[in-house]
Amino acid sequence: MIDERYTIVREDRFIEATRDSGYKSTASAVAELADNAFQAGANNFVVHFDSEVEPTVGRGRPKSPVVREVVCVDDGSGMTPEVLRNALRFGGTTRFNDRDGLGRYGMGLPNSSASQCRRVEVYTWQKGGEANFSFLDIDEIAAGRMLVVPEAEVVEIPERHRHLASSDSGTLIIWTKCDRLDFNGREDTLTRELPWSLGQTYRYYLARGRTIRVNGREVKPFDPLFLMPEAEYHGATPHGAPLEYELSVPGKVGATSKVTVRFSLLPEEWLTETKKKRKERLTRGIDRVKGFSIVRAGREIDTGYFYLRRPHHRDAWWSCEISFEPELDELFGVTHTKQTINLSERIKTTIQKDLSANIGTLTEMVETCIKKRHAVSTEEAETIAKERDRFLRTAPEIRDKDEETVERELREYGEEKATDERPAEKVVEDIKDLPFVIDFESLPGAPFYRVRTFGKTVVVSINREHAFYGKLYHPLAEIHPTAKTAIELLIFGLGKAETLAADEGKDWYDSQRAEWSRILGVYLDAIPSLKGVA
């Protein structure tokens, strides 16, 4: 006779404890269901939210709808009643330790569901057959009223979800009594964030034609290497040929499996850190992944540094992917949730030296690109001047210009600076909302800068022919970009003061600018260029 006081698992406490078993997010829990779907041959996986708006108290912005049920549907092969009942058991898979697909341990469906909700319902049907239904309820288990997975029964799919289950075969999973969804279950945030995560996790599946939709929104592949042409954002350059390592498979004498490492470098035009470009960085998702993307069987399972290197502030501009097949799971320390790894020393010692060499080269290339762009980019100083100008007076003759005069003067400037690559309309568009702009000109014998006004924009032109440019300004761009920006702000300050001066003051600035430039040229001619100075 069994003494139930000493069963290996105490169901009421186990089911509560297993809810904290390591799922990092709602997206990672949903990914477990997607794994099962794709392993069952599904081409389409749909995530749908049933939400309600919580009542507001008093005045204020209306609240975002809160998700009450998460519905996941696929068009895979479906399950027999026996397989369905086993699938809801912890460890009840028919593919335990199978290395040929995404799953392995049989914990995905019950474990991921329990991490997000207190009840999971499963409807599954096979080609030509009726839907079978079973469920798990945490409250029932904790109360001791549910000791086994209920036998599957033939039922109708709930009418409210029937439109999602139109395929000949498939599975429909409902998470209800949701109490652990990310973002407090806010529908708008989940609808925005899940596609990013799922698009990155399943980028290779999506590129090969599988589809995922989240609340009606199609998930697009997101490639952290920015190499995949199928992804919305791409254009990076592969860094060298992929590195390949043939490693022996643990427990299989003579068997080997390959580890592949790939690097990429972002486009040079993306290598900017000005405030004006930060929105583009967010849009492209550049800052979402730093370090290494670990891909198992074409499915990303983790990202991070894994003690392979220390984080560096330039790491957003290069990417690295390390991919392997499931037979090397032990070497990569893959957990049963397939979202965390713990690299073995064997993996680290095999790849770390090559990683360090390639990343060192990439970091140098990034630094060179950034310095080169700073040599011609004045965006940082222009952005700072625009933000700080609100604390300063504006000359009435600039502030009170009529619209016709503003448009005419801007058009004149656009025509003056237009090139084949940058037409006049683009020039005007770039400067019309800026109070200060720096441009460059070549005027032998002229002062090192001059100040002009076009519309409501003050244009400070730096003279490339003066020693100030060749010996101070341009070299600073390569050795100290922040110092270059400070020099630009110094010149903006002079330009601002000149616009605020009365007529006799402007005459004084004209004469003094020429004198300053002559004296500065004499002094700078006595020193070598700063170029190359550390």
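The values are calculated or read from the model by the stated rules, or taken from the named source; none is laboratory data. Remember, predicted model here, so these are calculated numbers, not experimental data. For neighbour counting, all protein chains shown are included, and Cβ atoms are generated from backbone atoms with ideal geometry for every residue, glycine included.
Against the definition (surrounded by 16 or more Cβ atoms within 10 Å (Cβ to Cβ), small (Gly, Ala, Ser), in contact (Cβ under 8 Å) with a residue 40 or more places away in the chain and in a helix (DSSP H, G or I)), how does Ala477 come out, yes or no? Break it down stepwise before answering.
Working: surrounded by 16 or more Cβ atoms within 10 Å (Cβ to Cβ): yes; small (Gly, Ala, Ser): yes; in contact (Cβ under 8 Å) with a residue 40 or more places away in the chain: yes; in a helix (DSSP H, G or I): yes.
The answer is yes for Ala477.
Of the residues Glu156, Glu151, which is under 25 Å from Ala40 (Cα atoms), surrounded by fewer than 17 Cβ atoms within 10 Å (Cβ to Cβ), assigned by TED's automatic domain parsing to the domain that holds Ala87 and in contact with a Pro (Cβ under 9 Å, 6 or more places away or on another chain)? Give the derivation first.
Working: Glu156 fails: in contact with a Pro (Cβ under 9 Å, 6 or more places away or on another chain).
On inspection, the qualifying residue turns out to be Glu151.
Conditions: (1) buried (at least 16 other Cβ atoms within 10 Å of the Cβ); (2) over 37 Å from the mean Cα position of the chain (by Cα); (3) of a type outside the set (Gly, Ala, Ser); (4) modelled with pLDDT of 90 or more. Ile487 meets all but one. Number of the miss?
Every listed condition holds for Ile487 apart from (2).
Taking Thr176, is it modelled with pLDDT of 95 or more, surrounded by fewer than 23 Cβ atoms within 10 Å (Cβ to Cβ) and of a type in the set (Ser, Thr, Tyr)?
On the way: modelled with pLDDT of 95 or more: yes; surrounded by fewer than 23 Cβ atoms within 10 Å (Cβ to Cβ): yes; of a type in the set (Ser, Thr, Tyr): yes.
Yes: the conditions hold for Thr176.
So the check is Cβ under 9 Å with 6+ separation or different chains; which pairs have a first residue in the range 145-171 that's over 11 Å from Val71 (Cβ atoms) and a second one that's in a helix (DSSP H, G or I) and acidic (Asp, Glu)?
Hits for this filter: Arg145/Asp139; Met146/Glu11; Met146/Asp139; Met146/Glu140; Leu147/Glu11; Ala152/Glu82.
Out of curiosity, is Leu362 in contact with a strand residue (DSSP E or B) (Cβ under 6 Å, 6 or more places away or on another chain), assigned to a helix (DSSP H, G or I) and assigned by TED's automatic domain parsing to the domain that holds Ser319? Break it down into steps so the answer makes sense when it comes.
Details: in contact with a strand residue (DSSP E or B) (Cβ under 6 Å, 6 or more places away or on another chain): yes; assigned to a helix (DSSP H, G or I): yes; assigned by TED's automatic domain parsing to the domain that holds Ser319: yes.
Taking the combined requirement at face value, the residue satisfies it.
Say we look at the range 206-220 and pick out the residues that are in contact with a helix residue (DSSP H, G or I) (Cβ under 6 Å, 6 or more places away or on another chain) and in contact (Cβ under 8 Å) with a residue 40 or more places away in the chain; which of these is surrounded by the most Cβ atoms within 10 Å (Cβ to Cβ)?
Across the range 206-220, the extreme among qualifying residues is Ile212.
Within the range 275-289, is there a residue that is assigned to a loop (DSSP other than H, G, I, E, B), touching a Lys or Arg at 6+ places or on another chain (Cβ under 7 Å) and at pLDDT below 95?
First, the residues of the range 275-289 that are assigned to a loop (DSSP other than H, G, I, E, B): 285, 289.
Now drop any that are not touching a Lys or Arg at 6+ places or on another chain (Cβ under 7 Å), which leaves none.
There is no residue in the range 275-289 that is assigned to a loop (DSSP other than H, G, I, E, B), touching a Lys or Arg at 6+ places or on another chain (Cβ under 7 Å) and at pLDDT below 95.
With a cut-off of at least 1 residues that are under 30 Å from Asp188 (Cβ atoms) and not assigned by TED's automatic domain parsing to the domain that holds Ser319, name the strands (runs of 3 or more DSSP E) lying wholly within the range 208-266. Give the steps one after another, and end with the answer.
Numbers: elements: 211-214, 243-248, 256-265.
Answer list for the range 208-266: 211-214.
Evaluate the following for Val451: is it crowded, with 17+ Cβ neighbours inside 10 Å and either part of a helix (DSSP H, G or I) or touching a helix residue (DSSP H, G or I) at 6+ places or on another chain (Cβ under 6 Å) (or both)? Steps first, please.
Details: crowded, with 17+ Cβ neighbours inside 10 Å: yes; either part of a helix (DSSP H, G or I) or touching a helix residue (DSSP H, G or I) at 6+ places or on another chain (Cβ under 6 Å) (or both): yes.
Spelling it out, Val451 is indeed crowded, with 17+ Cβ neighbours inside 10 Å and either part of a helix (DSSP H, G or I) or touching a helix residue (DSSP H, G or I) at 6+ places or on another chain (Cβ under 6 Å) (or both).
May I ask you to say which residue of Glu488, Glu504, Glu465, Glu498 is assigned by TED's automatic domain parsing to the domain that holds Glu382 and assigned to a loop (DSSP other than H, G, I, E, B)?
Details: Glu488 fails: assigned to a loop (DSSP other than H, G, I, E, B); Glu504 fails: assigned to a loop (DSSP other than H, G, I, E, B); Glu498 fails: assigned to a loop (DSSP other than H, G, I, E, B).
Among Glu488, Glu504, Glu465, Glu498, only Glu465 is assigned by TED's automatic domain parsing to the domain that holds Glu382 and assigned to a loop (DSSP other than H, G, I, E, B).
Could you tell me which residue of the range 221-259 is farthest from the chain's Cα centre (by Cα), considering only residues that are among the hydrophobic types (A, V, I, L, M, F, W, C) and surrounded by fewer than 14 Cβ atoms within 10 Å (Cβ to Cβ)? Explain how you work it out, then say what you get.
Of the range 221-259, the ones among the hydrophobic types (A, V, I, L, M, F, W, C) are 222, 225-228, 231, 236, 241, 243, 247, 249, 253, 255, 259.
Those still in the list that are surrounded by fewer than 14 Cβ atoms within 10 Å (Cβ to Cβ) too: 241, 253, 255.
Working: Ala241: 25, Val253: 41, Ala255: 37 Å.
Filtering the range 221-259 for residues that are among the hydrophobic types (A, V, I, L, M, F, W, C) and surrounded by fewer than 14 Cβ atoms within 10 Å (Cβ to Cβ), the one farthest from the chain's Cα centre (by Cα) comes out as Val253.
With respect to Ser264, determine if the residue is under 23 Å from Asp354 (Cα atoms), in contact with a helix residue (DSSP H, G or I) (Cβ under 7 Å, 6 or more places away or on another chain) and modelled with pLDDT of 95 or more. Show your work before the answer.
Working: under 23 Å from Asp354 (Cα atoms): yes; in contact with a helix residue (DSSP H, G or I) (Cβ under 7 Å, 6 or more places away or on another chain): no; modelled with pLDDT of 95 or more: yes.
When the stated conditions are applied, Ser264 does not pass them.
Hey, does the range 336-344 have a residue that's modelled with pLDDT under 90 and more than 27 Å from Ile286 (Cα to Cα)?
Checked the range 336-344: at least one residue is modelled with pLDDT under 90 and more than 27 Å from Ile286 (Cα to Cα).
Go through Ser356, Ser323 for me and flag whichever is modelled with pLDDT of 90 or more and not in a helix (DSSP H, G or I). Even if it seems obvious, please write down each step before you answer.
Details: Ser356 fails: not in a helix (DSSP H, G or I).
Only one candidate qualifies: Ser323.
Just one of Gly414, Gly470, Gly493, Gly445 is under 17 Å from Asp389 (Cα atoms) and either in the same structural domain as Arg390 (by TED's automatic domain parsing) or at pLDDT 90 or above (or both); which is it?
Numbers: Gly414 fails: under 17 Å from Asp389 (Cα atoms); Gly470 fails: under 17 Å from Asp389 (Cα atoms); Gly445 fails: under 17 Å from Asp389 (Cα atoms).
Residue meeting the stated conditions: Gly493.
Scan the range 392-412 residue by residue and report those that are closer than 23 Å to Ala501 by Cα and either in contact with a strand residue (DSSP E or B) (Cβ under 6 Å, 6 or more places away or on another chain) or not in a loop (DSSP other than H, G, I, E, B) (or both). I'd like the intermediate steps shown before the answer.
First pass over the range 392-412, keeping only residues closer than 23 Å to Ala501 by Cα: 392-402, 405-406, 409-410.
Hits for the range 392-412 are Pro396, Glu397, Ile398, Arg399, Thr405, Val406, Glu409, Leu410.
Write out, first by first residue and then by second, each pair whose Cβ atoms fall under 7 Å of each other, whose residues are 6+ apart or on separate chains, and whose first residue, in the range 506-528, is within 27 Å of Glu397 (Cα to Cα) while the second is in a helix (DSSP H, G or I) and not β-branched (Val, Ile, Thr).
Lys506/Glu498; Tyr509/Glu498
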